[in-house]
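A short worksheet on the structure shown next.
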Amino acid sequence: MNAELRTSAISDFQMIRDDFLSRLEKYSKGELENKTFYDIQTELRRLRNTLSMWSLIPEGDETGTLTCFKARCNRLEDATEKITNNFADFHRNVTEHGLKMFEMLTIQLGRLTLKDSTGTDEKAGEWSIKAEMEQRKWESRNPADDTDDEDMLRMIWCIMQFKMVCPCKQCMGRFIPGNGA
């Protein structure tokens with residue numbers, strides 16, 4: 001990634017992420033704003049392409065980017081592709097499960113941050129707490145009791161809910177109340 005593009009990607013990251021978030025939050029509530037199936041699929045593909053571009057931001061001290069950022073982008077990119085493909089099954093009759101896909105994507109995209117270890121991305125911290133609460137819901141449910149749709153949702157959630165050996169607050173679980181947040 002050339003220096004000019006990298007600088008632009010870093011400086012515009014939160015604005016672009018938050019723009020996607022505002023639309024995804026509406027979709028998760030069933031507010032599709034007269035969007036057609038193709039409009040939403042196009043938007044999901046645009047998000048996937050944006051995640052792909054973000055994954056090219058190098059990690060390290062020079063950019064301040066977290067060690068896990070690229071891996072998070074790649075996982076969200078994969079999950080967005082699955083959601084895009086599965087959305088075709090839900091578009092004619094928007095169901096609770098279809099809306100849940102958007103909710104889960106919103107949660108995970110919201111927690112995506114370049115620099116949470118500095119504490120400068122409060123919105124990502126708030127979304128990280130929501131992600132951990134959602135994770136607890138999935139953990140409390142027996143997978144054997146899942147319907148086919150719930151099984152698909154669980155699979156997508158597991159792709160997105162990601163922790164690795166990384167000193168960031170998200171990977172260390174420090175956004176959770178009582179865990180040093």
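The values are calculated or read from the model by the stated rules, or taken from the named source; none is laboratory data. Since we're looking at a predicted model, the values are computed, not measured. FYI the Cβ positions are ideal-geometry reconstructions off the backbone, even for glycines, and counts take in every protein chain you see.
Is it the case, given these coordinates, that Gln14 is buried (at least 16 other Cβ atoms within 10 Å of the Cβ) and touching a residue at least 60 places away in the same chain (Cβ under 8 Å)? Yes, satisfied.
For the range 17-34, which residues satisfy the criterion of being touching a residue at least 24 places away in the same chain (Cβ under 8 Å) and under 22 Å from Leu56 (Cβ atoms)? If you could, list the steps in order and put the result at the bottom.
Restricting attention to the range 17-34, the residues satisfying the condition of being touching a residue at least 24 places away in the same chain (Cβ under 8 Å) are 17-18, 20-21, 24-25, 27-30, 32.
Correct list: Arg17, Asp18, Phe20, Leu21.
Sort out which residues of the range 132-146 are aliphatic (A, V, I, L, M) and either touching a residue at least 24 places away in the same chain (Cβ under 8 Å) or surrounded by 11 or more Cβ atoms within 10 Å (Cβ to Cβ) (or both), and write them in order of number.
Within the range 132-146, the subset aliphatic (A, V, I, L, M) is 133, 144.
Passing the criteria: only Met133.
Of all residues in the range 29-52, those satisfying the criterion of being part of a helix (DSSP H, G or I) and either among the basic types (Lys, Arg) or at pLDDT below 90 (or both) are Phe37, Tyr38, Asp39, Ile40, Gln41, Arg45, Arg46, Arg48. Every condition in (1) modelled with pLDDT under 90; (2) part of a helix (DSSP H, G or I); (3) buried (at least 19 other Cβ atoms within 10 Å of the Cβ) holds for Asp149 except the one numbered (3).
Counting only residues that are of a type in the set (Val, Ile, Thr) and either part of a helix (DSSP H, G or I) or within 18 Å of His97 (Cα to Cα) (or both), how many does the range 120-146 have? Working first, answer last.
Looking only at the range 120-146, we keep the residues that are of a type in the set (Val, Ile, Thr), and these are 120, 129.
Those left that are additionally either part of a helix (DSSP H, G or I) or within 18 Å of His97 (Cα to Cα) (or both): 129.
Residues flagged as of a type in the set (Val, Ile, Thr) and either part of a helix (DSSP H, G or I) or within 18 Å of His97 (Cα to Cα) (or both) within the range 120-146 amount to 1.
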